[in-house]
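Worksheet: one structure, shown below.
Derivation of every value follows stated rules applied to the coordinates shown; laboratory data play no part. Every value quoted in this text rests on a predicted model; they were computed, and no experiment measured them. Methodologically, a virtual Cβ is constructed for each residue, glycine included, from the backbone with ideal geometry; neighbour enumeration extends over all protein chains shown.
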Amino acid sequence: SVNPRIVWTAVKDAAKYDLWVNNLTTGAAQYIRRQDISRLTPYFDCTDLPQGTYTAWVRAANGNNEFSPWSAAYSFTVDVLVPGIPVVTGPVGSVSAKIITTTNPTFTWTAAPRAVKYELWVYNVTLQLAPIIRQENLTETKYVALTNLPQGDYRVFVRAYNSANEVGEWSTVFTFKLDEPTPLIPRITAPVANPAGSVDNPTPTFKWTADLDAPFYEFKLVDVTQNSTEVVRVSNLKTKSYTIPDNKRLAEHIYEAQVRGTNVSGEMSNWSEPYRIRIKVPNPTTPTPISPSGTTRDKTPTFQWTHDRGSSRYEILIRDLERNEVIVVQVKSFTVDPTGKIAFYTLPDSQALKVGTYRFWIRAFNSVGTASSWSNYKAFAISASLDLKDLKLVEPAKLQSAEELYAAIEIVAEPESENADLGIVETAASTLIVNERNFTAVSDVSMPLAAIEELMESLADPSSAASAMMLGSFLDDSNEESRNVNASSAAASIVALAMMPVRRKRRET
């Protein structure tokens, strides 16, 4: 036994025992050392001792931890018996016990007495491959083939090893036949044509079924329109589907697809019946530009437009009205909002626009390259800054004499009553009202005039905020009369803005 019990005579008044065991075979001193064995158990049970010769000593200790002399040496030998003989029990077929259809079968056997590991040996009789499998140091009573085995007749043997690495006898031979079934002919079921009898996706997914699944499939597609030219052929497909990749997207032609199954042994089914489809991709919808519009300081603006799923890429044409330049942006990657109806694209820093006035148009392309018509244009402007500090106005102190002028000017909605006593300048959106009867002359009328003239001078700079404000009022308006009216309104607003610091100061005092 590899688990012997070492026993000694009990000592009267002993409180505990100290056991010392050397392994003479390996030369290991104190191979076992137990110094606190209870006085009630004058023995020790060894666990899994390796085969070899041992010498043991024991001594007793009283309650004061005083020890007796060591006992005389006691020698013994552990001689492990050879392991028993296992019995091979598998692989077993699902229909016939001796006919296996799985090419990576599971080999099984019974546990052998005193065995700590096993050796498996598999021989292919048909191909004279000996061994086709040989696995040692198996600690379980089963093994799954890591590779697919070829068809043929097989013999299987297993033997065991004990803890001393002594080997037992080989098991009785176990035989079986590996006969992988020939794949059955699959049937293609997709893609399904739309009511018009065509497929609108140039990268469709073909799917098929089979009464008996094959481990591999081979798929081919020919272009009937181009005299049955083969355009796709792929092998070793492990799923019952294949999607045409983007780099092989189909033209608007007629195609026929076929598929066949292949087993591990290389046996193939016949090709499936041809599955015919016609590719017809709908024309893209002309997008509607949404933004940018008005005036912005962003030189890499985000363009937005309406989107539909039939559009796979876009082209943005940007015209610089001040420099008479045209910029064309190819948009192949863009963002779509959760509704799927709005697309976004932000100009990269490398294509940043300059300060100026722009118009842009957008057109869409479908997956086969057909373009939509150009959209209507959208206009926008880019200014250097919209901060008030960029308005080239005079200092507020220079406008103090214009306080009463500012007090008499206000922008209001056009009144319904008559304006007999008022001087009125009417615009499309608002009315500038000056009450002359309430206006008190100022002592230095040249100061407001100078301020206004300096403001007017700032309007000559297209990068100033004042210019941007006026530009934004009529940027999208092609009507000349409307532009003039809007410009007057914008100018009046800027005058009021210029006076604002003066009015604020009066209120504070």
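Quick notes on this one:
- Distances between placed amide hydrogens fall under 5 Å for T346 paired with F303, all partners being 5 or more residues away or on another chain.
- Dipole magnitude (debye, nearest 20) for region 187-278, charges at Cβ of Lys, Arg, Asp, Glu: 100 debye
- Applying a threshold of 30 Å to the alpha-carbon distances of K238/K332; K117/K177; K98/K207; K341/K378; K280/K332; K332/K354 flags K238/K332; K98/K207 as lying beyond it.
- In order through region 18-28: 3J(HN,Hα) via Karplus (6.51 cos²θ - 1.76 cosθ + 1.60), integer Hz, x for Gly, Pro: 10, 10, 10, 10, 9, 9, 6, 5, 9, x, 8
- Calculated FRET efficiency for the pair S1/E169, C-beta based, R₀ 22 Å, to 0.05: 0.50
- Taking a point 7 Å out from the Cα of T339 in the direction of its Cβ, the residues of region 283-324 whose backbone N falls within less than 19 Å of it are 285-293, 303-311.
- Among 159-168, 38-47, the order from most to least packed when residues are scored by Cβ within 10 Å on average: 159-168, 38-47
- Cβ-derived FRET efficiency at R0 60 Å, K117 paired with T243, nearest 0.05: 0.80
- Put simply, the amide H of V231, placed in the peptide plane, has neighbours under 5 Å in L221, V222, D223, leaving out anything fewer than 5 places away on its chain.
- Geometric extent, Cα atoms of region 289-382 - Rg, Dmax (angstrom): 12.9, 38
- Listing V21, V82 from fewest to most neighbouring C-beta atoms within 10 Å gives V82, V21.
- The simple Förster model, with R0 at 30 Å and r as the Cβ-Cβ distance, assigns T106 and E273 a FRET efficiency of 0.20.
- Annotation note: chymotrypsin sites (Phe, Trp or Tyr not before Pro) in region 80-154 located in DSSP loop regions with a Cβ neighbour count of at most 10 within 10 Å are absent.
- If you model region 187-278 as an ellipsoid using its alpha carbon gyration tensor, with each semi-axis the square root of five times an eigenvalue, the axes come out at 23, 14, 12 Å, biggest first.
- Cut-off 14 Å (backbone N to label point 7 Å along Cα→Cβ of I99), residues of region 170-188: 176-182
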